[in-house]
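Since the structure comes first, as structure tokens, the remarks are kept for the end.
The values are calculated or read from the model by the stated rules, or taken from the named source; none is laboratory data. Not measured: the values here are computed from a predicted model. Note that we place each Cβ from the backbone using ideal geometry, even for glycine, and neighbour counts take in every protein chain shown.
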Amino acid sequence: MSELLSVSELSVEFTTDRGVAQVLDRISLAIAPGEVVGLVGESGCGKTTLARTVLGVLPAGGRIRGGAIHWEGRDLLRMDARLVNDEIRGRAITFIPQDPWSSLSPLFTVGTQIMDLMKWKSPRRGVTGTRGHWPALVRGYPGARRRADREAVLDVLRAVQIPEPERALRRLPHEFSGGQRQRLMIAMALLPRPDLIIADEPTTALDVTIQAQILRLLRDLVKERGVSVLFTTHDLGTAYELCDRVVVMYAGQEMESAPTDAFFERPAHPYTRRLLDSLPTAGGEIRDIPGEVPSLIGPPPGCRFHPRCDYATAECRARRPDAHAVEGAHRVRCYHPLSAA
Amino acid sequence: MSEPRAAPLLEVVDLARHFPIRNAFGLRTGSIRAVDGVSLAVWPGETLGLVGESGCGKSTLGKTVMGIHGPTAGEIRFGGREIGGLGRRERRTVARHLQYVYQDPGASLDPRWKVRRLLHEPLQIHTALSRAERQEQVEAMLREVGLPDAHLDLYPHELSGGQQRRVGLARTLMVRPSLVILDEPTSGLDVSVQASVLKLFRRLQAAFALTYLFISHDLAVVRAMCQRVAVMYLGKVVELAEAAVLFEDPRHPYTRSLLSAVPVIGGRRVTRDFALEGEPPNPRDIPTGCRFRTRCPLVQDLCAVESPPLRSTGGGLVACHFA
Amino acid sequence: MRALALVLRRLVWFPPTLLGLLAVTFVISRVIPADPVALVAGETATPAQVAALRSQLGFDRPLPVQFVDYVGRLARGDLGTSLYTTRPIADDLASRLAATIELTLVAMALSVLVGIPLGVVSALWRNSVLDHALRVITVSGLAIASFWLGIMLQLLFAMRLGWTPLNGRLAGFPPRGVTGLYLVDAVLAGDWAAFTAALGHIALPAATLAFPALATLVRFTRAGVLEVMQSGFVLYERAMGLPPSVIVWKYILRSALTSTVTQIGLLFGILLAGAVVTETVFDWPGIGTYAVNSIIRSDYNAVMGFTVWAGTIFLAVNLLVDLAHTVVDPRERMS
Amino acid sequence: MRGALFVLARLARDRSALVGLVLILALALAALLAPVLATHPGDVFEIHPAKRLQPPGAQHLFGTDRMGSDIYSRLLYGARITILIGVIAVGASLAIGVPVGLAAGYYHSWASDLLMRVSDIFLAVPQVVLAIAIAQTLGPSLPNVILALSVTYWPWFARLVYAETRSLEKEVFIESTAALGASPLRLIALHVLPNVASPIIVRASIGMGFTILTAAALGFLGLGPPPPTPEWGRTIAESREFLPDAWWYAAAPGLAIFLTVMGFNLLGDGLRDVLDPRIRRAGGAVRASAVNADV
């Protein structure tokens, strides 16, 4: 299956006042068209950094040290920046943020902000090229395209079950609940008819019943339109609900990647096993993982889980294990993968 | 309901806490009935879960019992003594036995104080122990919550989320309370850190014979920790039962949709068959009669007329005409 | 809703605060000095004249009665008579009002039109050479004594280079016009000679007055923009590939401006305080010079009249700023 | 409160704060060692009309003024006046403003509201306007200038402390410590005051600069200490008559004021970053409200 997005050997570091943190260590990840991939891991594992590196919006202090991000064969890191910003970002790849409360400007109506997005990112806008154009601020928005875009906006708002879409466009963001705002975010992510949506913990800030509605809505719309999704979360339950395949990360390294059912029933990597075991169960004995997540400033060599792993050997401490297939698409980076017990 | 053992440690009768809504002129134009008539009891050594979605009033209930908010109506009896209406001074004597652990541990610690002073303070307030005696208890408690002595000389912002949570807990346990109200003790924690904190809560409960009022929106955590669970919706308790009964055979329609919204790894998928529509109504204008009727699959005319009382159904209490 | 409440509360508190201000000026002029009448009569007056004046002005009545009379006359716009010009102080102030307003408005425009863009730029290119240079200028802007800055500008531009007149508001006759603002009247009358002359005269005083206000506005806008750049919607817009110029000049600036509006209100305070001293340096025939001359001539009534007038204007401006805030921030409007 | 040494160490790492510290130390040394450093200590009172308006040279580093006195020496003694006015006026303002702000902020009583309304009156008028009125009525003298500045500056501290206390009250750690059983007095003394201390210190430092500027303005307008006191503001006023030739006569005192106030402003900015842990946690981006506080 040809890959839509393929991240290979991506390394990212952050300069902090306490030294340089190795946040991503040679990450490789591929997403096929129409596939929903879950990027799972505890805070500090680098999943959000990976998502933001693909989007090209690294926070201050972040630097890409190596690797490539191929999008339909072309490496985004070496393409002309303006071209990526005009053609890829917000058109081929769109974004759903985690915090619905702060992702829309409080001072502009929802309609203004959506139409601003459509002015630049509408599928009806031709390929722009880079040279010879009026500066962005003064460039006009042809009336015909604007009307067509507006209709498309109303359709998608209905699709995400926003009540009275006409009136909604005239209201300010603070007049919507968290759940409704996240529906707006989903609508804005779908409008440019992207090939890939990057959703960074989209339901973490929502109550469980609203989260269920949003997960169901997102899965239905995505599957209906064949859009692939890179979905980061620290909540294993939401990954189980939404994803076709799950990748688990720990301290900046990807540990295991498997189709969802295989991932949860037959985890091969010791960390995945311990993670699933520490989920609270009814009244049973609670097992946690001894030790602490290592600091990424001067991280442990080789497999970064070895200080807390029961099966760690000299090999694990020496060199990071290569990823190898355990069973079909189920791949793991470990010298001593757990048998399919 | 198992027959009551000894007298309850905490008993709340028809407790209400309303917050006034003021318009531009500062005139009261209505009130948010955050807690609107709640009655429940907590027995010594027990962990009572208090679950519900944000805005259901569970934190407000916790804070009102703790005396952070004065009650608008109803009674709070702690160890048989009415403490709802106490003045600030008498209230402080109760503070020794009834403690509150905050949701955001970092914010509940004075950023300018080192951990050492933060742990000494409770003893300075409530006991006449000498400095050395206090230091001894502080170091013992620090080990109990699993922190190294070196952390005594750190400032709160120099600790991780999990460590701040342990310091917050240690601070409340210094005065050997009997009832501890835990407000969302695991929110924002990663799975493994959450597991270690829950293990700690259990160990401390045994070590100090504690009783917990465990407030949380995370049903899986409540199921693992609590013997009995109360479900709240818009300021009222809609169902209260033994944890096993409530999770296996939920009676109230809201409890049922709440449980059906929680992803169960390996089980049925919410994205295929979860059915609760809409969002909780605005707390400023609560529907008449039963509050859940605007979203309830079993709704009938009676629901709009009469607010169902909490009545026994053998396995537990439920507030619904048709459950 | 919040700002609306603020405005209403300030509106409710406007009269008592003003009354308080009158009480303070009354105490300063009548209670603190050992013998207020002697002060008013002046050093040359004989004891008999002083006694006559005391009963004529009613200074022998109990203080509260005097205060009621004092407030009564102020309410009717009677700020008392100037000991020096023997004309009603209110008239003196009125005749000079236009000059001060013109100077303050030009300085305000200068600091807003220059300050805000510089603030945005220094935030966008944070820690660049430009940012550091601006920070040195703004810190010194807040540290320079405005009267000394005025003198140094006079020394350089007026005396050494001769680019601008030394002081005063206009050499020839003022342009005909209704507003009393020479620049505006000159434009309305199409009298370009008068316009350039007036512009030449106002250049240095306006620059002197504007510099500290400009420095404050650059710092405040820079901090505001930096804070907005951390917000969620800026991240979202960058991730969705909106053109950077749209993000900066539409979304970031608009957010930073809402807090800057209240800052402009505070600015007016700085300008008013500065005007008193700056006008003296440039012999600008405004209310500031009038106040300072009253001081030199120990014309207590005039000084008190000026204080009351300045306080009232300042309170009114604060009220206007709060109203402007509700206009700028739609969330308040929509409540 | 963190050790003073710790604060100094952190300040030294911040270049601009260091510059500020150096400027203030220079001012203090100039004032303290004036008799030693001055080339013509006598010139504070003696006049030598023959040597009028000499340009800066070997004998008179900054030249001589209209009365032939050595400008450099008078500036050194002027530093004493400046420090005296600044320290006493800001000190008095702190002594009045902080308790008023603290009480009004913590105890919501009608009395606290009244105190805040009184301070609103003073804040309603630019400080220099009221200071002029008071100094004018009392007559030009050093104590009167200090009184005028103190009376008109305490409300800035009252307002600052009031705002900080009210915002602190909503902080969770105040609520949690109260729930722990701490008495209101203990809360104010051990929790509110230390947390309010840093904004006060920052404001005091910037306030010194602001007060020195206002004092210089009063001096310039002739309301400061009368001659022969070598007050910087009035020296500039005297110098105007002899411009542009005697440029040094106006430049020297103006520069002295500028450097002194710059020192306090830089120190204030440096202190704000060092003392407020929240700012450090927010990655050092200057909080808009923090900047606003010093206007």
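Just one of the listed residues (A:P59, A:P33) is modelled with pLDDT under 95, within 11 Å of chain C (Cβ to nearest Cβ) and either part of a strand (DSSP E or B) or surrounded by fewer than 16 Cβ atoms within 10 Å (Cβ to Cβ) (or both), namely A:P59. Scanning the stretch C:253-264 for residues that are of a type in the set (D, E, K, R) and either within 12 Å of the chain's Cα centre (by Cα) or within 11 Å of chain D (Cβ to nearest Cβ) (or both) turns up nothing.
Of all residue pairs spaced 6 or more apart or on separate chains, none has beta-carbon atoms under 6 Å together with a first member in the stretch A:72-91 that is part of a helix (DSSP H, G or I) and a second member that is surrounded by 20 or more Cβ atoms within 10 Å (Cβ to Cβ) and among the charged types (D, E, K, R).
In the stretch C:225-236, which residue that is among the aliphatic types (A, V, I, L, M) and more than 10 Å from chain A (Cβ to nearest Cβ) is surrounded by the most Cβ atoms within 10 Å (Cβ to Cβ)? Across the stretch C:225-236, the extreme among qualifying residues is C:V225. Checking C:L149, C:L118, C:L113, C:L103 one by one, the residue that is more than 14 Å from chain D (Cβ to nearest Cβ), assigned to a helix (DSSP H, G or I) and closer than 30 Å to D:W232 by Cα is C:L103 and no other.
Of the residues in the stretch A:314-341, how many are of a type in the set (D, E, K, R) and in contact (Cβ under 8 Å) with a residue 60 or more places away in the chain? Total satisfying the criteria: 4. The set of residues in the stretch D:129-163 that are surrounded by fewer than 22 Cβ atoms within 10 Å (Cβ to Cβ), of a type in the set (A, V, I, L, M) and either facing another protein chain (nearest Cβ under 10 Å) or more than 18 Å from the chain's Cα centre (by Cα) (or both) comprises D:L138, D:L147, D:V151, D:A163.
Could you check the stretch B:128-153 and list, in sequence order, the residues that are closer than 22 Å to D:A182 by Cβ and touching a residue at least 12 places away in the same chain (Cβ under 8 Å)? If the condition is that a residue be closer than 22 Å to D:A182 by Cβ and touching a residue at least 12 places away in the same chain (Cβ under 8 Å), then B:R134, B:Q135, B:Q137, B:V138, B:M141, B:L142, B:V145, B:L152 are the ones that fit. When we screen D:R186, D:R234 for residues that are among the basic types (K, R) and either surrounded by fewer than 22 Cβ atoms within 10 Å (Cβ to Cβ) or farther than 30 Å from C:R160 by Cα (or both), the only hit is D:R186.
Taking the criterion of being in a helix (DSSP H, G or I), more than 10 Å from the chain's Cα centre (by Cα) and of a type outside the set (A, V, I, L, M), the residues of the stretch D:205-234 that qualify are D:G219, D:F220, D:W232, D:G233, D:R234. For the stretch B:94-145, the tally of residues that are facing chain D (nearest Cβ under 8 Å), within 23 Å of B:A207 (Cβ to Cβ) and among the small types (G, A, S) stands at 2. Evaluation of D:P199 against the conditions (1) more than 15 Å from the chain's Cα centre (by Cα); (2) farther than 19 Å from D:L259 by Cα; (3) away from chain B (no Cβ under 11 Å) shows that the sole unmet condition is (1). C:I313 falls short on exactly one of the conditions (1) part of a loop (DSSP other than H, G, I, E, B); (2) surrounded by fewer than 19 Cβ atoms within 10 Å (Cβ to Cβ), and that condition is (1). For the stretch C:204-224, the condition holds for no residue, the condition being that it is within 14 Å of chain A (Cβ to nearest Cβ) and over 30 Å from the mean Cα position of the chain (by Cα). Total residues in the stretch A:92-117 satisfying the condition of being without any contact (Cβ under 8 Å) to a residue 24 or more places away in the chain and either more than 9 Å from chain C (Cβ to nearest Cβ) or touching a Cys at 6+ places or on another chain (Cβ under 7 Å) (or both): the figure is 1. Considering only residues in the stretch B:53-72 that are in a helix (DSSP H, G or I) and not β-branched (V, I, T), the one that is farthest from the other protein chains (Cβ to nearest Cβ) turns out to be B:L61.
With respect to B:V138, determine if the residue is of a type in the set (V, I, T), in a helix (DSSP H, G or I) and crowded, with 20+ Cβ neighbours inside 10 Å. Answer is yes for this residue. Residues considered: D:L185, D:L190, D:L271. Of these, the only one that is within 11 Å of another protein chain (Cβ to nearest Cβ) and either of a type in the set (D, E, K, R) or in a helix (DSSP H, G or I) (or both) is D:L190. Given the criteria small (G, A, S), at the interface with another protein chain (Cβ under 9 Å from one of its Cβ atoms) and at positive phi, does D:G254 qualify? For D:G254, the condition - small (G, A, S), at the interface with another protein chain (Cβ under 9 Å from one of its Cβ atoms) and at positive phi - is not met. Which pairs do you get when a residue that is within 12 Å of chain B (Cβ to nearest Cβ) and under 22 Å from A:R225 (Cβ atoms), found in the stretch A:166-191, comes within reach of a residue that is in a helix (DSSP H, G or I) and basic (K, R), reach meaning Cβ atoms under 6 angstrom, with the pair 6+ apart or on two chains? As it stands, the answer is none, since no pair meets every condition given.
Of all residues being over 14 Å from D:F220 (Cβ atoms), within 8 Å of chain D (Cβ to nearest Cβ) and among the aliphatic types (A, V, I, L, M) in the stretch C:265-286, which is surrounded by the fewest Cβ atoms within 10 Å (Cβ to Cβ)? Just the residue, please. Looking at the filtered set, the residue picked out is C:L266. Of all the numbered requirements in (1) buried (at least 20 other Cβ atoms within 10 Å of the Cβ); (2) away from every other protein chain (no Cβ under 14 Å); (3) not hydrophobic (A, V, I, L, M, F, W, C), D:S112 misses one, and that requirement is (1).
Considering only residues that are closer than 26 Å to A:E42 by Cβ and outside any helix (DSSP H, G or I), which ones fall in the stretch B:171-206? Correct list: B:L182, B:D183, B:E184, B:P185, B:T186, B:S187, B:G188, B:L189, B:D190. Just a yes or no: is a residue in the stretch B:243-261 surrounded by fewer than 23 Cβ atoms within 10 Å (Cβ to Cβ), within 13 Å of chain A (Cβ to nearest Cβ), farther than 29 Å from A:R273 by Cα and small (G, A, S)? Yes, some residue in the stretch B:243-261 is surrounded by fewer than 23 Cβ atoms within 10 Å (Cβ to Cβ), within 13 Å of chain A (Cβ to nearest Cβ), farther than 29 Å from A:R273 by Cα and small (G, A, S). A search for C-beta distances below 7 Å between a residue of the stretch C:237-252 that is facing chain A (nearest Cβ under 7 Å) and any residue that is surrounded by fewer than 18 Cβ atoms within 10 Å (Cβ to Cβ) and at pLDDT below 95, counting only pairs 6+ apart in sequence or on different chains, returns C:P243/A:A136; C:S245/A:P135; C:S245/A:A136; C:S245/A:L137; C:V246/A:A136; C:V246/A:L137; C:W249/A:L137. Note on the stretch A:196-308: enclosed strands (runs of 3 or more DSSP E) holding 2 or more residues that are out of contact with any His (no Cβ under 7 Å at 6 or more places or on another chain) and within 13 Å of chain B (Cβ to nearest Cβ) are A:228-233, A:245-250.
Could we say that C:V292 is of a type in the set (V, I, T), part of a helix (DSSP H, G or I), over 30 Å from A:P192 (Cα atoms) and within 7 Å of another protein chain (Cβ to nearest Cβ) here? Here the answer is yes, as C:V292 does meet what is asked.
Only one entry in B:L9, B:L27, B:L61 is touching a Phe, Trp or Tyr at 6+ places or on another chain (Cβ under 9 Å) and at negative phi, namely B:L9.
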